[in-house]
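Notes follow the structure.
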Amino acid sequence: RKFVFVTGGVMSGLGKGITAASTGRLLSNAGFDVTAVKIDPYLNVDAGTMNPYQHGEVYVLKDGGEVDLDLGNYERFLGVDMTSDHNVTTGKVYKNVIESERAGDYLGETVQVIPHITNDIKRRIREAAEGSDVCLVEIGGTVGDIEGMPYLEALRQFAHEQDDEDILFTHVTLVPYSKNGEQKTKPTQHSVKELRSIGLQPDILVGRSENELDDKTKEKIALFCDVPTDAVFSNSDVEDVYHVPLMVEEEGLDEYVMQELNLQDEALPPEER
Ligand code: ADP
């Protein structure tokens, strides 16, 4: 089973979820069973108690799970039904670990973020991925957030435990324009530096920008972030987010992901997708 982890840099609300869902859609077009996990690093157990004015409406799943809106994107883009197990929150993780501690399950151990919380996170990802060929895992928030740290550490351990060809890290960042109309890569460089400081090296960078990334911008990102130039993709502003899968397909994102995960031989030929 393959895992695609999607992190975000610079700021939230960038389009990480849409990028992940679009990647998933293209893999599903290529004949793979794709599922997704959304990680929300907040302490609420679920989105049911959250103010919709702050957070957007609650999305209700078939099993009655009250979850983040993003799960709706995944269901619509991937054409699958999800359950509340596909939305991991800090509230759920800690509640389970603390209840296990009270029940004496840890047999006197000191219960800690590493390994107890990180083990619970890894278990949830593995369980939600069961039955799929590829599982997308989107980490909410931005790299560097205190709340997100245990998840990034869990992903580092997860990658260490799997074969290299089964794991892919995609980092979505903002590429803004300067006053004189130049695309700026510094925010991307900084967020990748932050990722690397916690032991994660992205395999793919997706730059959210008003327009397509220039070749020069891609080369600069590649050089500073230590990825090949063809691992840098644009996700520019579109009128309708359902165009994003087509846009990133044109950029060759699906082919690159399949190549990195060693899936090309099992994929449907392009004319049958
Ligand atoms: P994140 O997961 O980074 O918080 P989302 O994927 O939820 O971000 O997207 C945030 C907002 O940006 C949503 O309203 C989404 O529809 C919009 N969006 C995402 N990608 C694009 C794009 N390429 N063009 C225009 N709007 C986009």
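Calculate, in nm to one decimal, what residue 238 and residue 85 gain on full extension: separation in residues at 0.36 nm each, minus their alpha carbon distance.
Details: separation 153, 0.36 × 153 = 55.08 nm, distance 3.13 nm.
Full extension of this stretch gives 51.9 nm more.
How big is the stretch 1-64 on each of its three principal axes, counting only the C-alpha atoms and giving the largest first in Å?
Cα extents, longest axis first: 38, 34, 19 Å.
What is the Cα centroid distance between the stretch 197-236 and the stretch 84-109, reported in whole angstrom?
37 Å
Which value, in Å³ per residue, describes the convex hull spanned by the Cα atoms of the stretch 119-273?
On the way: hull volume 21.5 nm³, N = 155.
Here the figure is 139 Å³ per residue.
Please check which bits of the stretch 70-95 a label hung off residue 145 would reach, taking the label as a point 7 Å along Cα-to-C-beta and the cut-off as backbone N under 13 Å.
Counting only backbone N, you get 70, 88-91.
Which listed residue (141, 131, 100) has the Cα farthest towards the positive end of the charge dipole for the stretch 84-144, taking +1 on Lys and Arg C-beta and -1 on Asp and Glu C-beta about the Cα centre?
141
Over the chain, what is the relative contact order in percent, taking alpha-carbon pairs closer than 8 angstrom and at least six residues apart?
Values: 465 pairs, mean separation 72.8, N = 273.
Once divided by the residue count of the chain, the mean separation gives 27 percent.
Lys/Arg Cβ at +1, Asp/Glu Cβ at -1, dipole of the stretch 100-233 taken about the Cα centre: which of 152, 197, 187 is farthest positive-ward?
It is 187.
Assuming a viscosity of 1.306 mPa s and a temperature of 10 °C, what translational diffusion coefficient in µm² per second does Stokes-Einstein assign to the chain, Rh being the Kirkwood radius over Cα pairs?
83 µm²/s
If neighbour count is taken as other Cβ atoms inside 10 Å, put 160, 190 in order from fewest to most.
So the ranking, lowest neighbour count to highest, is 160, 190.
Can you give me the distance in nm between label points at residue 273 and residue 110, each placed 7 Å from the Cα along the Cα-to-Cβ direction?
Simple spin-label model gives 5.1 nm for this pair.
If we count every other residue with Cβ under 13 angstrom of residue 228's Cβ, Lys/Arg +1 and Asp/Glu -1, where does the sum land? Intermediate results must be reported in sequence, preceding the final value.
Details: positive: 218; negative: 203, 219, 226, 230, 260.
My count for the surroundings of residue 228 gives -4.
Expected output is a single nm value to one decimal: the length gained when fully extending between residue 247 and residue 226, i.e. 0.36 nm times separation in residues minus the C-alpha distance. What is it?
Details: separation 21, 0.36 × 21 = 7.56 nm, distance 2.42 nm.
Result for the pair: 5.1 nm of gain on full extension.
Compute the long axis of helix 149-161 from its Cα atoms, compare it with the longest principal axis of the Cα atoms of the chain, and write down the angle in degrees, 0 to 90, nearest 10.
Helix 149-161 sits at roughly 80 degrees to that axis.
Provide the descending list of Cα extents for the stretch 34-123 along its principal axes, expressed in whole angstroms.
Each principal axis gives a Cα extent; for the stretch 34-123 these are 45, 31, 20 Å.
Readers should treat all values here as calculations from the given coordinates under stated rules, not as data from a laboratory. Everything numeric here is computed off the predicted structure, so don't read it as measured data. Cβ: placed from backbone, ideal geometry, glycine included. Neighbour counts: every protein chain shown.
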